[in-house]
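S.K.: Once you've had a glance at the structure underneath, I'll fire off some questions.
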Amino acid sequence: MDRTPFEGPSRRHVIGAAAGLAAAPAVAAAADAAPAPPSAKSGQVDMTLNVNGQTRRGTMDVRTTLLDALRDHLDQTGSKKGCDQGQCGACTVHVDGERVLSCLTLAVAVEGRRITTIEGLADADGSLHPMQQAFIDQDGFQCGYCTPGQIMSAVACVNEGHAASDDDIREYMSGNLCRCAAYPKIVAAIKQARGRMPAKSQMGQV
Ligand code: FES
Ligand code: FES
């Protein structure tokens, strides 16, 4: 899959584009064939993504998932690729405040919508979100691989009103798997954070 670096005001590095973007070889078209647009021939599309409050524009393969766009094009590697087929929840992010599995979401499908990843959860001054702090306080992780997805789902779980009881939490967090089996402490973290989270309207989330 060809990958084209996004351009944005805060990009931390630029990947040399030349190697992957060699011009398509000239094709001797039939005299009566209308030439296809370059984008149609290459599968590349221009798109705009709003990630953690920043507008990023770029050109990428139309088939690129949101997870690959974040990790491979936008240097946002907090969202993890576990199964890459919608079964583990490690890739969970928010789109317009609702949790989605970014491995099952095409980047082009969320163009112009508000995407929040684990990198965008803390305050601008670096203060952790109450859910992040609660996972630390309650020791809600071991290896940490599932943790970004757990935290993004946990924030949504509280904002959805699905954190009133332990059973509720377990049910509405059931899409996020933890191979380290930190589940009891994840529940404890959500219970700690649920009373400390800012109002939904203040967070701009659901
Ligand atoms: Fe998306 Fe597992 S990586 S659900
Ligand atoms: Fe290791 Fe959850 S903390 S997979």
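S.K.: Just name the residue that is farthest from Ala189 (Cα to Cα) out of those in region 105-142 that are β-branched (Val, Ile, Thr) and in a strand (DSSP E or B).
M.R.: Quick first cut of region 105-142, residues β-branched (Val, Ile, Thr) only: 105, 108, 110, 115-118, 136.
Restricting the remaining residues to those that are in a strand (DSSP E or B) gives 115-116.
Details: Ile115: 24, Thr116: 21 Å.
Among them, the one singled out is Ile115.
S.K.: A further question follows. Could you grab me the full set of residues in region 85-104 that are assigned to a loop (DSSP other than H, G, I, E, B) and either under 24 Å from Cys180 (Cα atoms) or not assigned by TED's automatic domain parsing to the domain that holds Gln44 (or both)?
M.R.: Of all residues in region 85-104, those assigned to a loop (DSSP other than H, G, I, E, B) come to 85-91, 96-97.
Those that are assigned to a loop (DSSP other than H, G, I, E, B) and either under 24 Å from Cys180 (Cα atoms) or not assigned by TED's automatic domain parsing to the domain that holds Gln44 (or both): Gln85, Gly86, Gln87, Cys88, Gly89, Ala90, Cys91.
S.K.: Looking only at region 158-196, how many residues end up being in contact (Cβ under 8 Å) with a residue 24 or more places away in the chain and within 16 Å of ligand 1 (Cβ to nearest atom)?
M.R.: So the answer is 6.
S.K.: Looking at Val27, is it modelled with pLDDT under 95, in a loop (DSSP other than H, G, I, E, B), on the phi < 0 side of the Ramachandran plot and more than 10 Å from the chain's Cα centre (by Cα)?
M.R.: On the way: modelled with pLDDT under 95: yes; in a loop (DSSP other than H, G, I, E, B): yes; on the phi < 0 side of the Ramachandran plot: yes; more than 10 Å from the chain's Cα centre (by Cα): yes.
Against the criterion (modelled with pLDDT under 95, in a loop (DSSP other than H, G, I, E, B), on the phi < 0 side of the Ramachandran plot and more than 10 Å from the chain's Cα centre (by Cα)), Val27 qualifies.
S.K.: Same structure, new question: Working only within region 61-94, note down all residues that are touching a Lys or Arg at 6+ places or on another chain (Cβ under 7 Å), more than 11 Å from ligand 1 (Cβ to nearest atom) and either at positive phi or touching a residue at least 40 places away in the same chain (Cβ under 8 Å) (or both).
M.R.: Asp72, His73, Leu74, Asp75, listed by residue number.
The values are calculated or read from the model by the stated rules, or taken from the named source; none is laboratory data. Since we're looking at a predicted model, the values are computed, not measured. Every residue, glycine among them, receives a Cβ derived from its backbone with ideal geometry; neighbour counts consider all protein chains shown.
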